[in-house]
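Reviewing the structure listed below.
The values are calculated or read from the model by the stated rules, or taken from the named source; none is laboratory data. This structure is a prediction, so every number in the text was calculated from the model and none was measured. When the accessible area is computed, the model is the full protein with side chains, heavy atoms only, and any ligands, DNA or RNA have been set aside. Shrake-Rupley method; radii C 1.70, N 1.55, O 1.52, S 1.80 Å.
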Amino acid sequence: MKQKDHLFRRGVIGGLVLALLQVSVSQKSMAQDNKPSIDFFSGIDVGITDYTFYRQYNVLFGLTPGFKFDMGHHWLLSAKGNVWLVNNYNNNLKRAYLTMFVLSKELKAGPVYLKGSVGLFSNARYGFDLKAFLPVTQWLAFEAQAGITGLLTMAGGWSMSPIGRFSGTIGGDIYIPKWNTQFRGVIGTYVYQDWGFEGEVMRHYNHTTLGLYLKWNNIAGQLNQEGITLAQSLKKGMDGGFRVTIMIPPYKRTHRTVNFRPASNYNLICLIRGLNIYRDANQLYRTDTEENMRDGWFSRDLLQWGSHTMEPDFIYQGKEDKE
């Protein structure tokens, strides 16, 4: 049985990598007119907890190196990993491992903007994902995301499950240009087979976005437990907090065929509860190695809506801005 599982894992990963390589190679000739380029970057990852008697703080500190291969025509091959330099937080973690390896394509189909992705996503999910965005006016838009994924993690040793779990969200966005303020609300089903809704308000500043959000989850709210009323469930399952996205300088850059730079952004997330069942509630995944709430899902040069109507964070010499 173990041998069959091993062959299955090798077959799935081999097929996935082969598909990524075949598609990327087939796009090389098409990308010549768009001057393909590759960016090597790295950010940092920091974790601090204070819950043990023997040591005041458990610290996790490391680098998140990665690359983005822009093949032109909004085809992108990207990857990212973790390299831990300090770890007295979790001894089961490997010192270095791959966390993302994704091939994606953005396009406009009539009024709808689409982004398809295949590969290893964040949160240890691998599979297929499709995102859609429909701007109706300069202040109103609708969004949707759907994916079929499985578990794949290399953090503490190889662990993998077959692709077959569906997750997805649908919702809407309102953007007020005068105050650079965005309201977002979605409802959906998530990767741990839970479901719920989220509401968020974001204020975009120069190079920084601040957000407050509230979410509810059916498992955290014990919705199906006997004796729990709807009002009690809403109270039990509600959680919230704030998010901060900071775009990392330098903001004026020279773009070449091969580029070395810091990660484009740093994200700080805080939850009021954020432990146990609340920690894993409403979890999806990212399909872009530098995805953040400020930029959204799509490239600035393709979609001009929301924060993309503001002055760009990064000005490139020699290439049209593509945040």
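Here are a few things to note about the model shown:
- Overall shape: oblate for the stretch 148-252, with the ratio a/c of the largest to smallest alpha carbon gyration tensor axis at 1.5 or above and b/c at least equal to a/b.
- Accessible heavy-atom area order of ASP45, ASP239, highest first, probe of 1.4 Å: ASP45, ASP239
- Flagged links, alpha-carbon separation over 29 Å, of LYS131/LYS236; LYS68/LYS178; LYS131/LYS215; LYS68/LYS252; LYS105/LYS252; LYS80/LYS108: LYS131/LYS236; LYS68/LYS178
- The shape of the stretch 262-323 comes out prolate: with a ≥ b ≥ c from the C-alpha gyration tensor, a/c is at least 1.5 and a/b beats b/c.
- Tensor-based shape of the stretch 207-282 (alpha-carbon gyration tensor, a/c under 1.5 rounded, otherwise prolate or oblate): prolate
- When ASP301, ASP173 are compared by accessible area at a 1.4 angstrom probe, the order from most to least is ASP301, ASP173.
- With all protein chains kept in place, the per residue accessible area of the stretch 169-323 amounts to 53 square angstrom at a probe of 1.4 angstrom.
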